[in-house]
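FYI, it's all coordinate maths here, none of it is from the lab. Computed from a prediction, not measured in an experiment: that's the story for all the values here. Cβ atoms come from the backbone with ideal geometry, glycine included; neighbour counts cover every protein chain shown.
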Amino acid sequence: MATITQLEYLKSVNIFGHFGRAAQECNVSQPTLSIQIQKLEEELDVIIFDRSKKPIIATEVGKEILSQVSLILKEHKKLYHLANLGSIEPKGDFHLAVIPTLAPNLIPLFVMEFSKKYPQVNLKINEYKTEDIINMLVDDKIDAGLLVTPLEDSRLLERHLFFEPFYTYISSQHKLNKKKQISESDLESEGLWLLEEGHCFRDQILKICSKDKKNTVLNNVEFSGGNLETLKNLVKNNCGYTLLPELSVNNLSLEDQKTHIRKFKKPAPTREVSLVYSRSFLKASIINALEKIIINNLPKKIKSLKRRDVEVIGLK
C-alpha cells in the first residue's frame, strides 16, 4: 500500500524533474527518495518516471497516477483542515499570494495586527502575477490570493474587500498637469508609461486609456518592468504620465501629490480587490480572520466607497 510519504516524493519529483532537488525539497537523502519511489513502482508494477529524460518526466501511465496522487494529497490535507474547523482560534499554515501592484501598500496595513492577533497561524506571503496565482490556487499550491476581480472563473470563489480608484500621476512638464481634474477622454498615447505585459494593472490602464499595447514614451526606448515605483520615478524625473491606485497615492508626500497627482472626474475608473480561494477551500477560520482584519485596516475613504460611486474596470 502506498504511503503518504511516497506520494509526496512522487509529487516533488514531478515538480522538479530531478531526484536530487526533489530530495532536498523533502528534506531526505536522494537514495532514500529514490528507493521509496522504486518500491512503489514495483508494488504497482509500473514505471512512473522516465529516468532517461533530462529533466525527468512522467510516463503516460505515470501521468495518470500523478493526477490521482494530487487528488489523494489534497484530500489528505483536508483531514487537518477539518480538525481545525472545530477550533475557536485560527491556527495552522496559510500561504497567501498577492499581486505586485497591491502588495507594497496593502500588506503593511494589516500584517502586524494579524501576526499579533493570531499567533498560531503561520502566514506565508509571496508576490506573483495574477495568472500565476490563479494556477496555484487551482493546483492547491497556495491557500488564497489578493487579486483584482472579477475573474469570472468558476473554479474560484471571490470575497469582495474594497474598491480602489485610479489617479493620474503626471510630469510637471506634461500638458495634462495643468488640468485640475482628468477625463478618460483626456488620456492619450503620448507619454504613457506602462508595466510589462502579464500585469493585470497594465491591462486595466490600457482599458481606461483605450491605447495600443505597443505604446512607448520615448521613440528609441522600450521600457519593461513590474514596479509602480519605477513608473513614478520615470514620470517625476523625466516626462509623461502613468496611472496609480489610491493606496499607492496615499503613500506619496503631500508635495508630490500636489505637484503630480490629478483626480479623475466622477465616476473615477476603479479596480475591485478581493480575497480569492479555491472552491475546495476549508481553512474558513483563517480566511474569515484575514478578511476582517484587512477591511478593518483600510483607509476610511476606501472603506466607504460603494459600487454605485465608481466605474469598475474589469479584466475581461
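Full extension of the chain between residue 61 and residue 27 gives 9.5 nm of extra length, using 0.36 nm per residue less the Cα-Cα distance.
Given the alternatives [x] 16.4; [y] 20.2; [z] 17.8, mean projected area of the Cα convex hull in nm² as computed for this entry is given by [y]. Label-to-label distance, residue 172 versus residue 126, with points set 7 angstrom from Cα along the beta-carbon direction: 4.3 nm. Lysine pair count for the stretch 4-84 (Cα-Cα distance under 25 Å; residues 8 or more apart in sequence or on different chains): 17. Counting every other Cβ atom within 10 Å of each residue's Cβ, 133, 48, 57 order from fewest to most as 57, 48, 133.
Treating r as the C-beta distance of residue 227 and residue 43 and R0 as 41 Å, the FRET efficiency rounds to 0.20. Where a ≥ b ≥ c are the square roots of the eigenvalues of the C-alpha gyration tensor, would you call the stretch 43-181 rounded, which needs a/c under 1.5, or, failing that, prolate if a/b is larger than b/c, or oblate? Cα axes put the stretch 43-181 in the oblate bin.
Relative contact order for the chain using alpha-carbon pairs under 8 Å, separation at least 6, rounded to a whole percent?
Details: 480 pairs, mean separation 68.8, N = 316.
It rounds to 22 percent for the chain.
Convex hull volume of the Cα atoms in the stretch 4-84, per residue, in Å³? Spell out each step's value before the answer.
Details: hull volume 7.4 nm³, N = 81.
Enclosed volume per residue, from the Cα hull, is 91 Å³.
For the options 11, 53, 129, a Gaussian network treatment of the chain with springs between C-alpha atoms closer than 10 Å singles out 53 as fluctuating the most.
Exceedance of the 22 Å cut-off in Cα-Cα distance is limited, within the set 129/301; 232/303; 175/263, to 129/301; 232/303.
Only helices enter the 222 nm calculation for the chain: every DSSP H run of n ≥ 4 contributes -39,500 (n - 2.57), and dividing by all residues gives -13000 deg cm²/dmol, rounded to 500.
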